[in-house]
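S.K.: Handing you this structure, nothing more for now.
The values are calculated or read from the model by the stated rules, or taken from the named source; none is laboratory data. Everything numeric in this text was worked out from a predicted model, so none of it was measured. Virtual Cβ from ideal backbone geometry, glycine too; neighbours counted across all protein chains shown. Surface accessibility is based on the protein's heavy atoms, side chains included, excluding ligands, DNA and RNA. Shrake-Rupley method; radii C 1.70, N 1.55, O 1.52, S 1.80 Å.
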Amino acid sequence: MAKRKTPEELRSHRWYGVNDLRSFGHRSRTSQMGYSREEYAGKPVIAILNTWSEMNPCHTHFKQRVDEVKRGIWQAGGFPIELPVQTLSEPFQKPTTMLYRNFLAMEAEETLRSYPADGVVLMGGCDKTTPALLMGAISMDLPAIFLPAGPMLNGNWNGRTLGSGSDTWKYWADLRAGKITEQDWQGVEGGIARSPGHCMTMGTASTMTSAAEALGFTLPGFASIPAADSRHAQMSAQTGMRIVDMVWEDLKPSDLLTAASIDNAVTTCLALSGSTNAIVHMIAL
């Protein structure tokens, strides 16, 4: 295990008790936001990179989950700061979110590099968001933990279970072949995605959140908890608590990533018959 930092070591490279002009600016502007010095002095500052937006259905619950992450950080003695970063919305962004993965990776890295944070919670899940956030955090090498969005509930149409992606193509082919009616097709449309969360099939989203868990970036078992499950809220708070301890332990991505951990993640992707996009993302990681 990495050596645990002392409060003095943590304070030494931050602005809590330093008497210079930049530190004055940090403290006075933190006061401007409504915080007193007692609320953050001597506490790990935890950045929360949130990919929520009103154009990302996979992350619609992040507006609530970020508050639960903050709750865990406060309970563990940290000081949470939410920082919005680029959203990569698989259903809406054209022509493909793959064009923007590296943009988010760079934004994540430079956001963490340019702001005074001691650790970070990465909130993502939709296909390219997971590798992008991990890439940025790995490059920055700050204590980091990943919060998977979790899969949505299974789709339903006339009592039939619908899977993201796979049944979209199946019933689209059936419609074109005249096997189902336009009304049937509208029924599939209205029932295939019926809760927050990323695709519930083993597409790129679930593949990469599973890989993130195998790499040690999430709490154990978190990648498989559905977004709508109350345990997802509980694990969000626990994620917030854990990152505070990771800062004190100085447990960074470079401590987690080894040849063996990469092998574990690749093996996990293969065992799950995961998305072939994992090849592209695992190489990038």
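S.K.: Those residues that are crowded, with 18+ Cβ neighbours inside 10 Å and closer than 15 Å to A144 by Cβ, I need them from region 73-106; list them, please.
M.R.: I73, G78, P80, I81, V85, L104, A105
S.K.: Right, something else. Would you please name the residue that is most open to solvent (accessible area, probe 1.4 Å), looking only at residues in region 225-281 that are touching an Asp or Glu at 6+ places or on another chain (Cβ under 6 Å) and part of a helix (DSSP H, G or I)?
M.R.: S254
S.K.: Give the residue, chosen from K128, K94, that is of a type in the set (D, E, K, R), modelled with pLDDT under 95 and either over 25 Å from R29 (Cβ atoms) or touching a strand residue (DSSP E or B) at 6+ places or on another chain (Cβ under 7 Å) (or both).
M.R.: It is K94.
Listed here are the residues, each with its yes/no results for (1) part of a helix (DSSP H, G or I); (2) at pLDDT 90 or above; (3) among the charged types (D, E, K, R); (4) within 27 Å of the chain's Cα centre (by Cα).
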| site | (1), (2), (3), (4) |
| --- | --- |
| W15 | no, no, no, no |
| N19 | no, no, no, no |
| S53 | no, yes, no, yes |
| Q64 | yes, yes, no, yes |
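S.K.: What number of residues within region 165-208 satisfy the criterion of being farther than 25 Å from C126 by Cα, of a type in the set (D, E, K, R) and open to solvent by 40 Å² or more (accessible area, probe 1.4 Å)?
M.R.: Looking only at that region, the number is 4.
S.K.: How about region 67-78: which of its residues are within 18 Å of the chain's Cα centre (by Cα) and touching a residue at least 60 places away in the same chain (Cβ under 8 Å)?
M.R.: E68, V69, K70, R71, G72, I73
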